[in-house]
Amino acid sequence: MKIFILSNNFKERTTYYREHFSQIFKAVDKAYFSWENGLVKPDERAFMNILQENKLPAPQVVYFDDSEKNIAVAKKIGIQAYKYENLTETKRIVAKSGNLK
């Protein structure tokens, strides 16, 4: 399983995160920040960029967000997209998707 962060965030905040919460970035395969790649959710290209760069088929990707707009765009391109509720629910959805090994 690969884990990515897709975030609309600006340079100063992501620099702070990387300096003060480095454990987060050690736990993910890659973080995609809008200020670095110029792609802002809910733009479809933000999602497609990750799929293409990592050679991922959309139906095998599970995505969580707190924005209904972002979820709708992810679903539109075939990603399994869900509203983030809590860690327990996230684990249940990932396990159910068959992507947790």
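The values are calculated or read from the model by the stated rules, or taken from the named source; none is laboratory data. What you are looking at is a predicted structure, and each value in this text was computed from that prediction instead of being measured. Reconstructed Cβ throughout: ideal geometry from the backbone, glycine too, with neighbour counts over all protein chains shown.
If a residue has to be buried (at least 17 other Cβ atoms within 10 Å of the Cβ) and within 14 Å of Pro42 (Cβ to Cβ) to count, how many in the range 70-98 make the cut?
6
Listed residues Lys11, Lys30; which is free of Cβ contacts under 8 Å to residues at least 60 places away in the same chain, in contact with a strand residue (DSSP E or B) (Cβ under 6 Å, 6 or more places away or on another chain) and of a type in the set (D, E, K, R)?
Numbers: Lys11 fails: in contact with a strand residue (DSSP E or B) (Cβ under 6 Å, 6 or more places away or on another chain).
Going through Lys11, Lys30 in turn, just one is free of Cβ contacts under 8 Å to residues at least 60 places away in the same chain, in contact with a strand residue (DSSP E or B) (Cβ under 6 Å, 6 or more places away or on another chain) and of a type in the set (D, E, K, R): Lys30.
Can you name every residue in the range 17-69 that is polar (S, T, N, Q) and over 28 Å from Lys96 (Cα atoms)? Please lay out each step first, then the result.
The first filter runs over the range 17-69 and keeps only residues polar (S, T, N, Q), leaving 22-23, 34, 37, 49, 52, 54, 60, 67.
Correct list: Ser22, Ser34, Asn37.
What do you reckon, is Ser67 surrounded by fewer than 17 Cβ atoms within 10 Å (Cβ to Cβ), among the polar types (S, T, N, Q), closer than 19 Å to Ala31 by Cα and free of Cβ contacts under 8 Å to residues at least 60 places away in the same chain?
Working: surrounded by fewer than 17 Cβ atoms within 10 Å (Cβ to Cβ): yes; among the polar types (S, T, N, Q): yes; closer than 19 Å to Ala31 by Cα: yes; free of Cβ contacts under 8 Å to residues at least 60 places away in the same chain: yes.
Judged against the criteria, Ser67 is a match.
Here's the yes/no breakdown for (1) acidic (Asp, Glu); (2) at pLDDT 95 or above:
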| residue | (1), (2) |
| --- | --- |
| Phe10 | no, no |
| Arg13 | no, yes |
| Phe33 | no, yes |
| Leu51 | no, yes |
| Glu68 | yes, yes |
| Ile71 | no, yes |
| Glu85 | yes, yes |
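Across the range 70-97, what is the number of residues that are among the hydrophobic types (A, V, I, L, M, F, W, C) and in contact (Cβ under 8 Å) with a residue 24 or more places away in the chain? Don't jump to the end; show me each part of the working.
Going through the range 70-97, the residues among the hydrophobic types (A, V, I, L, M, F, W, C) turn out to be 71-74, 77, 79, 81, 87, 93-95.
Pick out the ones that are also in contact (Cβ under 8 Å) with a residue 24 or more places away in the chain and you get 72-74, 77, 79, 93-94.
Count: 7.
If Ala95 satisfies every condition in (1) modelled with pLDDT under 95; (2) within 18 Å of Val28 (Cβ to Cβ) but one, which is the exception?
The one condition Ala95 does not meet is (2).
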